[in-house]
Structure formats: C-alpha cells, structure tokens
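Remarks on the structure that follows.
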Amino acid sequence: MATELRCPDSMPCHNQQVNSASTQNPEPQQAGDLIPAHAGGNSDSAAKLTLLSGHAHSSVPAERDPQASGGATFNSENIGGAGNYDAPPSDSLLGDCEVSRQIGAQLKLLPMNDQIRELQTIIRDKTASRGDFMFSADRLIRLVVEEGLNQLPYKECMVTTPTGYKYEGVKFEKGNCGVSIMRSGEAMEQGLRDCCRSIRIGKILIQSDEETQRAKVYYAKFPPDIYRRKVLLMYPILSTGNTVIEAVKVLIEHGVQPSVIILLSLFSTPHGAKSIIQEFPEITILTTEVHPVAPTHFGQKYFGTD
C-alpha cells in the first residue's frame, strides 16, 4: 500500500481535435477495461487516431524526452556535473514533512525498503550495464504498476472453489485504461500489460517546438470512450512536470476528469510533483522517490540511445 506524505502537525468527444485556445499562464516548467487474461480484445477497433500536428498548449518549453526528440538530452544529471534540473534551489532542501505541506496527500510514495533502494541505486549508477539497468527498471516499474492497480476501485464478489467452498473475494471494477507519454512512458507499458494482459493503452507525444520553444502535442491516440474510464498515466521521470501537465490537459479535453487520473512515475523532483498538483489538485501521483535530482538519462539508457 502506498504511503501518503503527511506531516504530524499539521466533454469533448474523442475525435474532436484538441482546442487550440488553452489556459493562459500555465504553471512554470518543465486505455481499456482490466480484462481477464482469457478475454479477447480488439485494440485496433477500440482506439481512434487523432493527429495534432499544429497544436500548442503553453508558452513554456515541454519537459524534453530524449527519446521523443531525436536523442537530445535536457536537464540531464551529467550536464555540468551537478545534476541540473529546473526546480527552484530551495526545493533541494525540502524534507518529507515540508514536501507534504506544499504538495498534499495526492502524492503517494511506495513504502521504502532495501529492495526498492537497491533498484533506485542501480538505475542511478552511471557504471551500471544496460542489462542491469533494464532489469532493475522493469522490476521497479512492476512494483509501481502493482501499487497503481491497488489505487483503482474494487468490488466484493463471491466465487466457488473446486471443493465447493464459497469464497468472498474482490474483483476490479470495469472501466480502466493506460496512457503512456512517449517515448520514455512506453517503457512502462509492458509492466502494465504483465498485470492486465488485454488492457487498452493510449499514447501521447509532446515536444518543444524548436523555433518557439512552446510545448506542442504532436500525437494522441486513445480509446474512443476514454472519458468514461479511469486512467493510469505513465511517465517514469518527473523533472519539471510540464510534459505531464500538457498531457493531462489533452485528457481533460477528451472528457477525462483529473480525479480519475493516477500518474505512475518512478522518480520525481519536489518541483515536478508540486507543479502538477498545483495545476490539477485532484490528480493522484504515485512514485518511489521525491528527490531534487531526477535520473533524466532513464529513457536514453532504457532504449539504448545513450
């Protein structure tokens, strides 16, 4: 069960193009039912393509995903040797209690243990082989996905065992889907499918325009009834939070309410989590660590383009 950071004292339809008139002055930087394994599902007929080549949401740059922008790095830990990121310097000194005051109970952390700590260490270690990195990343992704599924609603049910015993259990309520923010978010898709084999998964591609440096949504593909679903939004590294903010805006324009979005992430900076919660107070963020230095090399190393 994920833990909340607490201080002791303390509808457009799917095929409608995204509205180009977006909210002014955004905050500063930066797909289907849980279908049992035996059930079928036609993902091609369930998803509809929306191309958004000319749409820009805000005047601030998107959080650069090296995999979605031709391999260029941005805010990487090894730039300047000091682990740069876009959060204000004061965030680097925040403890859990202060983060709780500023962000709130919508930020949930996996309970820390030595296993998770070792996986985080391997992912951050620049000397780790790509094989060890991917193995550790996949394990950590699986843990986050499992806890994310635990945040979804269940309902009680009764089943009969092979011996005829009546067993009172629970099962997922229908109406869930995944959405990955390309490309690094795609690293989390397999972990979700391993838990929910036939779940529908949508995709969003957001980049910074090279000329205007404005965040642009280039591609979005969702199940046509996503507005009726609960969404597991997948993006492994939250640095500034800008990319996620733009992705959530697209989901809202397709009828999804922030209160039914659960953001699955591996690492977050205090600034990234705070920016998202300030923009969308009802969204839930699930991560393993809040730290001022995010391992922004994740996508490059995972997909072998470092």
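The values are calculated or read from the model by the stated rules, or taken from the named source; none is laboratory data. Quantities reported herein were computed from a predicted structural model and do not represent experimental measurements. Reconstructed Cβ throughout: ideal geometry from the backbone, glycine too, with neighbour counts over all protein chains shown. Accessible surface is based on the protein model in full, side chains and every heavy atom, while ligands, DNA and RNA are left aside. Shrake-Rupley method; radii C 1.70, N 1.55, O 1.52, S 1.80 Å.
Pairs of alpha-carbon atoms within less than 8 angstrom and 6+ residues apart define the contacts here; what relative contact order does the stretch 208-306 have, in percent?
27
Using +1 on the beta carbon of Lys and Arg, -1 on that of Asp and Glu, and nothing else charged, what's the dipole of the stretch 96-303 about the Cα centre, debye to 20?
The calculated dipole for the stretch 96-303 is roughly 500 debye.
Compute the relative contact order of the stretch 177-261 as a whole-number percentage, counting only Cα pairs closer than 8 Å that sit 6 or more residues apart in sequence.
33
Under 23 Å Cα-Cα from residue 155, which lysines qualify once same-chain neighbours fewer than 8 residues away are excluded?
Here the lysines satisfying the reach criterion relative to residue 155 are 108, 166, 171, 174, 230.
Ignoring ligands, DNA and RNA, please state the percent of accessible area on the stretch 96-303 from carbon and sulfur, probe 1.4 Å.
With neighbouring chains kept in place, the figure for the stretch 96-303 is 47 percent.
Applying a 10 Å radius around every beta-carbon, put 204-212, 236-244 in order of their mean neighbour count, most first.
So the order, starting with the most tightly packed, is 236-244, 204-212.
If you count only protein heavy atoms with a 1.4 Å probe, what accessible area per residue comes out for the stretch 190-306, rounded to a whole Å²?
Ligands and nucleic acids excluded, the figure is 30 Å² per residue.
Out of the chymotrypsin sites (Phe, Trp or Tyr not before Pro) in the stretch 106-173, which ones are loop residues according to DSSP with at most 13 other C-beta atoms within 10 Å?
Those that pass, being in a loop and sparsely packed, are 165.
Need one number for the stretch 196-252: average projected area of the convex hull over its C-alpha atoms, nm².
Result: 4.8 nm².
Of the peptides 117-126, 292-301, how do they stack up when ordered by the mean number of other Cβ atoms within 10 Å, highest first?
Descending mean neighbour count gives 292-301, 117-126.
Normalised by the residues of the stretch 96-303, what does the relative contact order come to in percent, with Cα pairs under 8 Å and at least six apart?
23
List every residue whose amide H lies under 5 Å from the amide H of residue 263, counting only residues 5 or more places away in sequence or on a different chain, with H placed 1.01 Å from N in the peptide plane.
Placed amide hydrogens put 233, 284, 285, 286 under 5 Å from residue 263.
Using only the alpha carbons of the stretch 96-303, what is the convex hull's orientation-averaged projected area in square nanometres?
Mean projected area for the stretch 96-303: 14.0 nm², to one decimal.
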